[in-house]
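The values are calculated or read from the model by the stated rules, or taken from the named source; none is laboratory data. Just so you know, these numbers come straight off a predicted model, no measurement behind them. With ideal geometry, Cβ positions are generated from the backbone for all residues, glycine too; neighbour counts draw on all protein chains shown. Note: areas computed on protein heavy atoms with side chains; ligands, DNA, RNA excluded. Shrake-Rupley method; radii C 1.70, N 1.55, O 1.52, S 1.80 Å.
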Amino acid sequence: MSSSTRISYSNRMDELNTEGDVEIRCGEGSRSRDVEPERAGAPESERDEEEEEDAMPLKYGADSVIKLFVPVTLCMMVVVATIKSVSFYTEGGQYLIYTPFHEESPDVGTKIWNAVANAAILIGVIVVLTIFLVVLYKYRCYRFIQGWLIVSTLILVFFFAFMYLGEVLRAYNIAMDYITLAVVIWNFGVVGMVCIHWKGPLLLQQAYLILISALMALIFIKYLPDWTTWVILGAISIYDLVAVLCPRGPLRVLVETAQERNESIFPALIYSSTFMVPTVATMADREEEGEDHNSSNPEPNDSGSTARIQEEEPVADHPEESSGVKLGLGDFIFYSVLVGKASSVADWNTTLACFISILVGLCLTLLLLAVFRKALPALPISITFGLIFYLSTAYVISPFSQTLAANQVYI
Amino acid sequence: MALMEFFGSMFISLGPAIALFALSIANNPVKIILFAAAMFFWLVSLLISSCLWRAVVPLQQVLAFSVPFAVILQEMFRFLYCLLLKKASVGFEKVVSPDKDDTLKVLTRNPHTMGYIAGLGFGVGSGLYSISNILSSISGPGTVGIEDDSPNRSSKFILESSFMSLCFILLHICWGMLFHAAAAIYNKPYNIILILYVIFSHMLVSLLSLIYTLLPALITAYAVLCVSFIIAFYVAGGSLHNIKHLIKRTSGNWEPPKD
């Protein structure tokens, strides 16, 4: 048999800078960069290389899965912790203009059509805005898009954070003077804007992206009526599936346009496990020297793709992190909405079940990604699992589990 | 005071599991995924057992009806998970080259690791589900000194529940290892004996917990835990020789037992 040596986990990305990496996102489309390993001058046998190739997506698949498990778990934990301790986000009664039907009647039928109508309105708004974004991107109105993104992150990072801080202070009955508050919010906001839209330490950027996803999820949990939330979760995963996979879907068009132009999509909307240069700013420069770049790229696919990887090799002092897996912030938001809503209306069993099912769904999605190697929607599988387990745990498992625990019966 | 009880109960029941997870599973991404998959399988088995409980409406208060089915379903899903692991490890063996030290090697280097992960996944699922409702109500107001009908009138409910959850987590680890060894490694007749032992001991401990006081079940469960641990230790390749070597810490001159 074997001894129990500890298997050390080492990050081998520095050695294999030509690995195949894939990314998934939702909400704003995604892109996959599929790179074949270089075959020139390899002294080892072909079979070894092929075995290594097959093992690579499996091994790096596991790596990517964990690199996404951790931020998704953190986002969910922030949302659940807030929901359980700050009652502001579970108080109903206030709604957005997008959901005019407030589900106030006790009749189930009325609630259902209210929820469906609200969901239809919201999905309609999302579709219109996405198509608008794709049209802007196609006609190269980069400044407009960047301005739009800056305004929305500005609102998130200043106003929603201020609201959140206020409610947390109120929940714990802590007094804070306006001067301290102003300094704190100003610093938090400005550092957030810099990290998300420009350069910053990777960990800080990831932390800010997680925080703004959590804030957005909390806003959704607060301002959407109950049944509407569940219907929207279902509807948006169907929309995601359609938008990313259908040939005329807006997100697929966005992905393909970005691929044609050799650009990466706005870093403010994607969580990436490695450094990414905010290419919207450099797109203008690239347009001028576009011809030179294109002519210097040799024709064959392999070396062409490797050249592409190298020109996007982001920051000079981090050569080892060439590419990683990416997940759209919309996915973070909707996963957290599901788990947060489950924790607000049901007990810990349900929350745990939703959490595990979302993680398993994410794992399956990444597995599919490793198999298909193109942009995939991250919402459908996880949200489906999450919804199934929410309903079944809240109505079937929880009563059983509570009866068992109350009688001290262990199965 | 209630908060202290909450933390005490949480660390009693979940402490060893958290430590085991942090030390042996958290460093390796493949292990984490297998662990999450094991918890998912346990959850699905619980879902089917609860559907059964819910479906048979007149017997909902008679837990003695649904407990055996729950145990059998858990063991069935453990068997399914071990089959899945076996297929996965066969697949990986064809792919991973022998002299690369990878994180994937965990699947092929020591086959008992997968049984351990399966057991820990099932155990943490079982432990979390049995203790989380109790934990969430302990820290609330009005729970200090929950009395039961015993003459001592001490706060036994919380302690007993925590220790029983802990015992089940550890038991699931042992059962997972035994089951995986039986399903994936051994041949007849050992595997049938091991599987029957796992099912029998699980059924015994669960059915005993149906008795009004938890104490007999608690003592039996810990006794079963000791026995299962010894069996699992031997199955995983341990022996008295290993223990002696561990205690003596002879460095570098370890030889396998001559047999």
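Is one or more of the residues making up the range B:137-145 modelled with pLDDT under 90, open to solvent by less than 10 Å² (accessible area, probe 1.4 Å) and in contact with a Phe, Trp or Tyr (Cβ under 6 Å, 6 or more places away or on another chain)?
Going residue by residue through the range B:137-145, those that are modelled with pLDDT under 90 are B:137-145.
Next, only the ones that are open to solvent by less than 10 Å² (accessible area, probe 1.4 Å) stay: B:138.
After this cut, where a residue has to be in contact with a Phe, Trp or Tyr (Cβ under 6 Å, 6 or more places away or on another chain) as well, the list is B:138.
Yes: one or more hits.
Condition check: modelled with pLDDT under 95 and crowded, with 18+ Cβ neighbours inside 10 Å. Does residue A:199 satisfy that? Judged against the criteria, residue A:199 is not a match. When the criteria are applied in full, residue B:174 meets the requirement of being away from chain A (no Cβ under 13 Å) and at pLDDT 90 or above.
List the residue pairs whose Cβ atoms are under 8 Å apart, where the first residue sits in the range B:48-67 and is under 17 Å from residue A:393 (Cα atoms) and more than 8 Å from chain A (Cβ to nearest Cβ), the second is open to solvent by 10 Å² or more (accessible area, probe 1.4 Å) and of a type outside the set (A, V, I, L, M), and the two are 6 or more positions apart or on different chains. Pairs found: B:52/B:69.
Yes or no, residue by residue, for (1) among the acidic types (Asp, Glu); (2) surrounded by fewer than 14 Cβ atoms within 10 Å (Cβ to Cβ); (3) in contact with a Pro (Cβ under 7 Å, 6 or more places away or on another chain):
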{"position": "A:83", "(1), (2), (3)": "no, no, no"}
{"position": "A:90", "(1), (2), (3)": "no, no, no"}
{"position": "A:99", "(1), (2), (3)": "no, no, yes"}
{"position": "A:109", "(1), (2), (3)": "no, yes, no"}
{"position": "A:121", "(1), (2), (3)": "no, no, no"}
{"position": "A:126", "(1), (2), (3)": "no, no, no"}
{"position": "A:130", "(1), (2), (3)": "no, no, yes"}
{"position": "A:158", "(1), (2), (3)": "no, no, no"}
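Just one residue in the set A:223, A:172 is surrounded by fewer than 19 Cβ atoms within 10 Å (Cβ to Cβ), within 22 Å of residue A:100 (Cα to Cα) and hydroxyl-bearing (Ser, Thr, Tyr); that residue is A:223.
Pairs linking a residue in the range A:128-147 that is under 16 Å from residue A:253 (Cα atoms) to a residue that is open to solvent by 50 Å² or more (accessible area, probe 1.4 Å), with Cβ atoms under 7 Å and 6 or more positions apart or on different chains, are A:136/A:144. Only one entry in B:52, B:59, B:47 is under 27 Å from residue B:116 (Cβ atoms) and open to solvent by 10 Å² or more (accessible area, probe 1.4 Å), namely B:47.
Taken as a whole, the condition of being closer than 28 Å to residue A:238 by Cα, assigned to a helix (DSSP H, G or I) and open to solvent by less than 80 Å² (accessible area, probe 1.4 Å) does not apply to residue A:164.
Looking only at the range A:132-154, how many residues end up being open to solvent by 40 Å² or more (accessible area, probe 1.4 Å) and closer than 20 Å to residue A:216 by Cα?
Pass one, the range A:132-154, residues open to solvent by 40 Å² or more (accessible area, probe 1.4 Å): A:132, A:135, A:138-141, A:143-144, A:146, A:148, A:150-152, A:154.
Remaining after also requiring closer than 20 Å to residue A:216 by Cα: A:146, A:148, A:150-152, A:154.
Matching residues across the range A:132-154 total 6.
Any residue at all in the range A:400-411 that is under 18 Å from residue B:45 (Cβ atoms), surrounded by fewer than 20 Cβ atoms within 10 Å (Cβ to Cβ), within 12 Å of chain B (Cβ to nearest Cβ) and within 24 Å of the chain's Cα centre (by Cα)? No, the conditions are met nowhere in the range A:400-411. Of the residues making up the range B:33-78, those that are of a type in the set (Val, Ile, Thr), part of a helix (DSSP H, G or I) and closer than 17 Å to residue A:403 by Cβ are B:48, B:57, B:67, B:71.
Against the condition in contact with a Pro (Cβ under 7 Å, 6 or more places away or on another chain) and open to solvent by 50 Å² or more (accessible area, probe 1.4 Å), how does residue A:211 come out, does it pass? Here the answer is no, as residue A:211 does not meet what is asked.
Rundown of residues vs (1) farther than 27 Å from residue A:241 by Cβ; (2) at pLDDT below 90; (3) touching a His at 6+ places or on another chain (Cβ under 9 Å); (4) not in a loop (DSSP other than H, G, I, E, B), yes/no style:
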| position | (1), (2), (3), (4) |
| --- | --- |
| A:276 | no, yes, no, no |
| A:286 | yes, yes, yes, yes |
| A:299 | yes, yes, no, no |
| A:319 | yes, yes, no, no |
| A:352 | no, no, no, yes |
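Examine the range A:323-343 for a residue that is open to solvent by 30 Å² or more (accessible area, probe 1.4 Å) and either within 14 Å of another protein chain (Cβ to nearest Cβ) or in a helix (DSSP H, G or I) (or both), and state whether such a residue exists. No, the range A:323-343 has no match at all.
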